[in-house]
Amino acid sequence: MSKTKDTFSLQFDTTWQYDAAPESASHIRLQKGYDLFIDNKFVPPADGKYFNTVNPSTGKKIAEIARASQADVDLAVQSARKALGPWQALSGASRGKYLFRIARLIQEREREFSVIESMDGGKPIRESKTIDVPLASAHFFYYAGWADKLEYAFPGRNPKPVGVAAQIIPWNFPLLMAAWKIAPALATGNTVVLKPAETTPLTALKLAEIIRDAGLPAGVVNILTGAGDTGAMMVEHPDIDKIAFTGSTEVGKLIQKRLAGTHKKLTLELGGKGANIILEDAAIDQAVEGIINGIYFNQGHVCCAGSRLLVQESVADLVIRKLKDRMETLIVGDPLDKNTDIGAINSAAQLKSIKKYLKKGLAEGTELYQSSCELPSGSGYWCRPSLFTNVAQSNTIVQEEIFGPVLTLQTFRTLEEALEKANNTFYGLSAGVWTDKGSKIFKMTSGLKAGIVWANTYNRFDPTSPFGGYKESGIGREGGLHGLASYIKFEDR
Ligand code: NAP
Ligand code: MG
């Protein structure tokens, strides 16, 4: 229920609330336990070890998941190596057919995938349904179209696959990140060993079922579940030709060090601290929606989140008032409820880390505003939408990635000052600009050191558009034509 603050919130401050509108989970089929997917078969882990994946909105176990050890990594890499020759020997059109088939099978099972994604990771069903699952399918469709056109994508360069790719992904977009990695790798003739994050393995394992059902040749895609050490074993494996990693900057740096001096190709998609910049001539109500979408979307578990809000001083009071009012209307709750705006924080460890930053921000003398919404009772992991004001550029909460529904707000007077503040970060993944003037968009976008800059919108994704960062946000691009290049070596070199 919202609190009465001013006329805007009065509209919402009535006695009604939305009734619960939970998505049915009765149609999904989950096993009690899941094995590793190697050579198109589900096989138990060599040392018989399993771990639990839990539902972060209840804290309860969903299933037991195999924990891959060195012997399993060896087997999966061997299987991918064996499949490489026959897979490369297929025509591009044939490889494309398999990708089209995977794309269609994801579409057919869209309801099942959306529910499982929300159960395992905590994100609102509205997002898994409208973003994660359709975009995952769209990536397979998009790269299927390139499979027989590589000569046109890179004219005169004689593009060849890199070989066996080890792909390691995080928990914030489990299925989508798997699609981002697998689709371009297969379109270009590589074979794959993929590891989902420990807390969100289920949709990758469901994707394994689809890969098997699509009749993909055995060994072309292998999926290994496990913890960080499984990822490290993949990175170290001598028979891997390429590592594609999405995750924290900390682990990305570690991987880069380990690969120094080896033949292995590397792409890194790492953290971010995106600046969302509101100029005084922006359409303020739309900008406020963009701010909400930029940081509270997916609980702030978004690498390209607009986690630093920069507002021109002349409209700062207005933006803050409207933003707080809008925050009051956000519903934190059951990820499977269609009304939920902010679902569960992905894990107990992530919630602890967010709380540490909330404390740290206050200790640094800033002001914290949190919406007064009710949090679900029970043992799930929840965080209210949070806004820090009165912050300085040097504050930890402005400098470090929090990866939760936590926004910091700074003001500026001139565009130059906005650019200086926006670029004053180790990261360089994303930014947003809100203004009525095209000329200001050009000035800001050319001055921002960020791989993606949205203008008058935020957090829009498309398979045709390259995605990636500057500075400590990563190396290389995924998506679009650029995403193909990450899986190709050129014979003219
Ligand atoms: P993380 O701790 O770095 O983990 C990412 C993946 O790496 C997980 O599968 C993890 O396995 C594995 N891993 C952990 N230690 C490893 C090691 N030493 N060697 C190899 N693999 C290892 O990151 P996260 O906390 O899951 O994800 C959040 C981070 O990802 C944020 O910083 C976010 O900004 C970033 N991210 C970036 C993008 C992008 O495109 N730039 C997209 C999404 C997320 P376990 O889960 O089993 O530990
Ligand atoms: Mg889970």
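The values are calculated or read from the model by the stated rules, or taken from the named source; none is laboratory data. All figures in this text were calculated on a predicted structure; none of them were measured in a lab. Reconstructed Cβ throughout: ideal geometry from the backbone, glycine too, with neighbour counts over all protein chains shown. When the accessible area is computed, the model is the full protein with side chains, heavy atoms only, and any ligands, DNA or RNA have been set aside. Shrake-Rupley method; radii C 1.70, N 1.55, O 1.52, S 1.80 Å.
The candidates Met119, Met444, arranged from most to least accessible area with a 1.4 Å probe in the full protein assembly, appear as Met119, Met444.
Overall, the chain carries a charge dipole of about 980 debye about its Cα centre when +1 sits on the Cβ of Lys and Arg and -1 on the Cβ of Asp and Glu, all other atoms neutral.
Couplings 3J(HN,Hα) for the stretch 449-459, derived from phi with the Karplus relation 6.51 cos²θ - 1.76 cosθ + 1.60 (θ = phi - 60°), are 8, 9, x, 10, 10, 9, 10, 6, 6, 7, 6 Hz, where x marks Gly and Pro.
Computed from phi, the 3J(HN,Hα) profile of the stretch 436-445 under the Karplus parametrisation 6.51, -1.76, 1.60 (θ = phi - 60°) reads 8, 10, x, 4, 6, 4, 4, 4, 5, 5 Hz, with x in place of Gly and Pro.
Close amide H pairs (under 5 Å, H built 1.01 Å from N) link Val433 with Ile277, Trp454, Ala455, Asn456, Thr457, residues at least 5 positions away or on another chain. Each Lys and Arg Cβ is given +1 and each Asp and Glu Cβ -1; about its Cα centre, the stretch 8-129 then shows a dipole of about 500 debye.
Looking at the chain, the DSSP beta bridges with both ends there are about 35 percent antiparallel. Principal-axis analysis of the Cα atoms of the chain puts helix 284-295 at an angle of about 40° to the longest axis. Placing a pseudo-label 7 Å from each Cα along the Cα-to-Cβ vector at Asn158 and Gln393 gives an inter-label distance of 5.1 nm.
With all protein chains kept in place, the per residue accessible area of the stretch 288-406 amounts to 35 square angstrom at a probe of 1.4 angstrom.
Across the stretch 254-271, coupling constants 3J(HN,Hα) worked out from phi with the 6.51/-1.76/1.60 Karplus curve, θ = phi - 60°, read 4, 5, 4, 5, 5, 8, 4, x, 9, 7, 6, 7, 9, 10, 10, 10, 10, x Hz, and Gly and Pro carry x. One Cα centroid belongs to the stretch 141-159, the other to the stretch 294-345; the line between them spans 40 Å. Ranking Ala316, Ile345, Ser386 by Cα position along the charge dipole of the stretch 272-455, where only Lys, Arg, Asp and Glu carry charges on their C-beta atoms, puts Ile345 farthest toward the positive end. Is the shape of the stretch 380-485 rounded, prolate or oblate, going by the alpha carbon gyration tensor and its root eigenvalues a ≥ b ≥ c, with a/c under 1.5 for rounded and a/b larger than b/c for prolate? Oblate shape, in that a/c is at least 1.5 and b/c is the bigger or equal ratio. Rolling a 1.4 angstrom probe over the protein heavy atoms with all chains in place gives the stretch 61-142 an accessible area of 38 Å² per residue. Amide hydrogen proximity for Gly33: with H placed 1.01 Å from N in the peptide plane, the residues at 5 or more positions away or on another chain lying under 5 Å are Glu64.
What part of the accessible area of the stretch 13-54, given as a whole %, is carbon or sulfur when the probe is 1.4 angstrom?
It is 52 percent, rounded to a whole number.
For the chain, the longest principal axis of the C-alpha atoms and the axis of helix 174-187 are separated by about 40°. When the helices of the chain are scored as -39500 (n - 2.57) per DSSP H run of n ≥ 4 and the total is divided over every residue, the value at 222 nm lands at -11500 deg cm²/dmol.
Projected onto the charge dipole of the chain (+1 at Lys/Arg Cβ, -1 at Asp/Glu Cβ, origin at the Cα centre), which of Cys373, Ile38, Ala63 gives the Cα projection farthest towards the positive end? Of the listed residues, the answer is Ile38. Proximity of backbone amide H atoms, modeled 1.01 Å from N, is registered between Ala282 and Asp436 at under 5 Å, excluding neighbours fewer than 5 places apart on the same chain. Modelled spin-label separation between Asp317 and Leu481, with each label point placed 7 Å from Cα along the Cα-to-Cβ direction: 5.1 nm.
Shown for the stretch 272-455: the carbon plus sulfur share of the solvent-accessible area, taken with all protein chains present and a 1.4 angstrom probe, equals 50%.
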